[in-house]
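Quick notes on the structure that follows.
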Amino acid sequence: MDRIRCAWGDSAPEYVTYHDEEWGVPLRGDDALFERLCLEAFQSGLSWLTILRKRPAFRAAFAGFSIDAVAGFTEADRARLLADAGIVRNRAKVDAAIANARAAQRLPEGLSELLWSFAPEGPRARPATLAEVPATSPESVAMAKDLKRRGFAFVGPTTAYALMQATGMVDDHVVTCFRALT
């Protein structure tokens with residue numbers, strides 16, 4: 001039996017798996033959320049499919065997205081990352097990932113607790129179509145502002161909202177999607 005998905009979820013095999021198993025599923029844990037924060041930043045201006053296809057290489061290059069490991073990256077690590085054709089070699093994004101790991105280390109409450117503190121409370125109306133899915137929300141604007149204040153980079157309101165969607169802080173599966181019905 002074919003499943004009805006959000007329209008984007010059927011457009012590539014990688015999207016089917018991501019849509020069905022990850023997108024919108026609540027995710028917690030400092031390193032897990034650090035990975036998603038980094039990947040959302042690397043996606044900025046690119047297709048998410050590009051990032052999904054490069055994800056194994058990103059994980060290898062960024063020490064499994066261990067906050068402590070990435071925070072300890074040196075200039076040699078930075079050069080290694082910028083030479084790694086398996087990832088997106090954007091200097092500003094590489095620098096942001098390292099800076100964000102260092103900023104995450106300074107969070108007394110931890111990254112997971114901080115990010116989840118911006119999740120909207122209570123039920124929300126489920127979008128009927130993808131056209132109704134916003135690019136930002138008041139919560140993502142507040143999250144981005146707070147992260148920037150704490151020294152994070154490449155975390156604007158749109159990136160913050162994409163992170164919220166990807167990690168289940170908000171659920172934007174459309175009403176006809178099988179994930180909305182479960």
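Once the mean of 1/r is taken over each pair of separate Cα atoms and inverted, the chain shows a Kirkwood hydrodynamic radius of 16.9 Å. An oblate overall shape is assigned to the stretch 49-89, the ratio a/c of its alpha-carbon gyration tensor axes (a ≥ b ≥ c) being 1.5 or greater and a/b not exceeding b/c.
Calculated mean residue ellipticity, 222 nm, the chain: -15000 deg cm²/dmol, from DSSP H runs (n ≥ 4) at -39500 (n - 2.57) each, averaged per residue and rounded to 500. Taking a Cβ cut-off of under 11 Å around residue 82, the surrounding Lys, Arg, Asp and Glu residues balance to a net charge of +1, with basic ones at +1 and acidic ones at -1. With each label modelled as a point 7 angstrom along the Cα→C-beta vector, the residue 129-residue 181 pair spans 2.0 nm.
A simple count of charges around residue 71, restricted to other residues whose Cβ falls under 15 Å of its Cβ and scoring Lys, Arg +1 and Asp, Glu -1, yields -3. For residue 2 and residue 109, FRET efficiency with R0 = 45 Å and r from the beta-carbon atoms, rounded to 0.05? Computed FRET efficiency for residue 109 and residue 2 comes out at 0.55. Listed by chain and number, the lysines placed with their C-alpha closer than 23 angstrom to that of residue 54 are 93; residues fewer than eight positions away on the same chain are left out.
Since every read-out is calculated from the coordinates, none of them should be taken as a lab result. Being a predicted model, the structure only gives us computed values, none of them experimental. Positions of Cβ are backbone-derived with ideal geometry, glycine not excepted, and every protein chain shown enters the neighbour counts.
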